[in-house]
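Presented below is the structure to which this report refers.
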Amino acid sequence: MSRDEECRHIMSRLLATLARRAAAPSPPRPTASAAVTARGPCGRAYTGTVIRARAASREENDINVGEAAATFVPGTHALSDVASTTLAAMLDARTLGRVTLTGAAKDAEYRRVEFRAVTIRGATALQRTRYDARQAFTSNHAYDGGSSGENANDGKDSKLSSTSSAQEAIEEALGSGYKHWRVERASGAWSVTVNVKKQRATVSRDKTMRLIDGEAKTSVVIGPQSHDREKARLLDGSDPFLKHVGVAAADGSIKTSKRDKYKQVEEFLKILDHAYDDATGAGHMVRGSTARPLRMVDLGCGNAYLTFGAYTLLANKRDVPTHVIGVDIKRQAREHNTAVAVELGWDDCMCFVEGSIAKADVKFVKGNDDAAADIVLALHACDTATDEAIVRTVRWSSPLALIAPCCHHDLQVRLKNASIIAFPPITRHGILSERFGDVLTDSFRAHILRLLGYRVEVMEFVGGEHTPRNTLIRAIRTGSPASKSAWEEYDAMRETWGVTPWLADALADELNEARADVFPNSNV
Ligand SMILES: C[S@@+](CC[C@H](N)C(=O)[O-])C[C@H]1O[C@@H](n2cnc3c(N)ncnc32)[C@H](O)[C@@H]1O
């Protein structure tokens, strides 16, 4: 057994003992929903609906579950104590929001686990969603300590649940070596950073979820939610920008002609929602505050459906003070999008720039060129415009990039002109050659980002029925140097296919420098 496995095993057993000591959870109480008017990060009022627990106004110290008081105390503590508090908090379905575990061990099957309370046919259960590199797997776990009363297959990405109880599901997850825990509850949100080896955990209050008069003011839903409702959406027709950009009709219904674009943006935002938590939870990106708003850029924004959607998600729904810049080469895009931002009253937090992705003047703070983007978005920027977006990500050292490429003409041409044809059966047929060119282009993009200090995942962000261009590159900057074998893979790929992609030419200096760090004595 490796040291890590041993630690996880000890942690698991410890949690089981602690859990046995914890009293049975109090029966869940129904939630109350209320329309609230809240203040946006720009100081502007907006209206939304939050569902909050009746106990929401209670102080943290008042929340008790049997013997184990679910009281988080900021500071560094024994991991077992923090795990016990977290367990107790999660067993109180009435006050539970969302719990997210990230920072998985290298060999972990799931890179992220989320929990929330749900009601299924009147019974409260804990819903667990585990994410591997490609999919989400959802299962429901009964709170009553018995085996799961309901196995749910929540859509095509779900698996049938195991028969573990809520308590067992929590113990298993907390004992699996995740380094970052975020616990959202009625009285506020908490971040836990775990050091499994030292068996210590550092707890801090997450101020991005604010309390107004002691109540959670957040779009994070507190308390058990009906599992039978329509699948949770981040956007709905009542979000004002959707009408302004022509995606929703006056009655809030999504226009038929815009359904695919709406779905693309919705699914893209779900990934942004998680990626924001991952990047900030791991300390790779600032959370955004009034003093230092989050800086986000949408490159090749077109009609800015995604730009407005991303602002809505972060600034309005998650209360993260955010500044956004949309870039597009078309003048019409700048003029139209600027007018929409003014209509929405969001123009003090967002602006639109006319220019190429490569060269556009993207300035978040006047006179400060170092004030670069924290988040780079690019949805279907044509051909090498996607590469330009990656170049800017790298040069800004942006902590997070979500890039969904469009067409891939450049490498197709380079492949045709290559001096070698590695595998003629692949390039002989136009359709195969084209698809292969797409795959090779995106493989190079992902790998070059890896070589330059990013942790990269490549995923399908939306079903192919909504767009055939449904690949998304998700990159979080860790700053870690790539391994020697990663460089060898890169060289082998170029040599085998006889091509160097546009992106490698554009980032030649950065690649040479990074290579020299790993192979100090070689000629680069
Ligand atoms: C297919 S549209 C996508 C628009 C938007 N992101 C969306 O998904 O709805 C591509 C956009 O990128 C812009 N574009 C293409 N190449 C560009 C470049 N090099 N610099 C800036 N904008 C570019 C185009 O003008 C167009 O608006």
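Stick to the Cα atoms of region 355-436, pair each with every other, and give me the Kirkwood hydrodynamic radius in Å at one decimal. Kirkwood hydrodynamic radius for region 355-436: 14.8 Å.
Report note on the peptides 179-192, 439-452, 250-263, 332-345: ranked by the mean count of other C-beta atoms within 10 Å, highest first, their order is 179-192, 439-452, 332-345, 250-263.
Arranged from fewest to most other beta-carbon atoms within 10 Å of their beta carbon, Met459, Met285 become Met459, Met285.
Computed about its Cα centre, the charge dipole of region 240-518 is approximately 360 debye, with only Lys, Arg, Asp and Glu carrying charge at their Cβ. The packing ranking of peptides 164-170, 93-99, highest mean first, is 93-99, 164-170, where packing means the average number of other beta carbon atoms within 10 angstrom of each residue. At the listed q of 0.08, 0.12, 0.13 Å⁻¹, the Debye profile of region 240-518, built from one uniform point per Cα, gives log10 I(q)/I(0) equal to -0.34, -0.76, -0.88.
Subtracting the Cα-Cα distance of Ser238 and Arg205 from 0.36 nm times their residue separation leaves 8.7 nm of extension gain.
Looking at region 272-413, the DSSP beta bridges with both ends there are about 5 percent antiparallel.
Projecting the Cα atoms of Asn417, Gly283, Cys407 onto the charge dipole of region 240-518 (Cβ charges, centred on the Cα centre) puts Cys407 farthest toward the positive pole. Taking 0.36 nm per residue of sequence separation and removing the Cα-Cα distance, the Lys330/Asp273 pair yields an extension gain of 17.7 nm.
Readers should treat all values here as calculations from the given coordinates under stated rules, not as data from a laboratory. Remember, predicted model here, so these are calculated numbers, not experimental data. Here Cβ is always computed from backbone atoms with ideal geometry, including for glycine, and neighbour counts include all displayed protein chains.
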